[in-house]
């Protein structure tokens, strides 16, 4: 009659969210804003690094663009 609900294991996002809550739950508004600004800047830095192309990637991108242009003109 009374069944216990099975507890679902937390997915990655929920687990990370809980870690974040533990980090800032005792901060006041000024400290929280400072923490969030630092996290935002760090994320932007990692994102910028991932978007940088190596010399080889730039050369290949130029070649791919040229090939696409040639293929388009041949049609």
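The values are calculated or read from the model by the stated rules, or taken from the named source; none is laboratory data. Treat the numbers as computed from the prediction; the structure is a model and nothing was measured. As a convention, Cβ positions derive from the backbone with ideal geometry for all residues, glycine included, and neighbour counts pool all protein chains shown.
Observations on the structure shown:
- Matching option when the condition is surrounded by 10 or more Cβ atoms within 10 Å (Cβ to Cβ) and under 21 Å from the mean Cα position of the chain (by Cα), among 39, 49: 39
- Selection count where residues are surrounded by 11 or more Cβ atoms within 10 Å (Cβ to Cβ) and either in contact (Cβ under 8 Å) with a residue 12 or more places away in the chain or in a helix (DSSP H, G or I) (or both), scope segment 19-33: 6
- The C-beta contact set for segment 39-68 (first residue on the phi < 0 side of the Ramachandran plot and in a helix (DSSP H, G or I), second residue at pLDDT below 80 and surrounded by 10 or more Cβ atoms within 10 Å (Cβ to Cβ), distance under 8 angstrom, 6+ apart or interchain) comprises 61/53.
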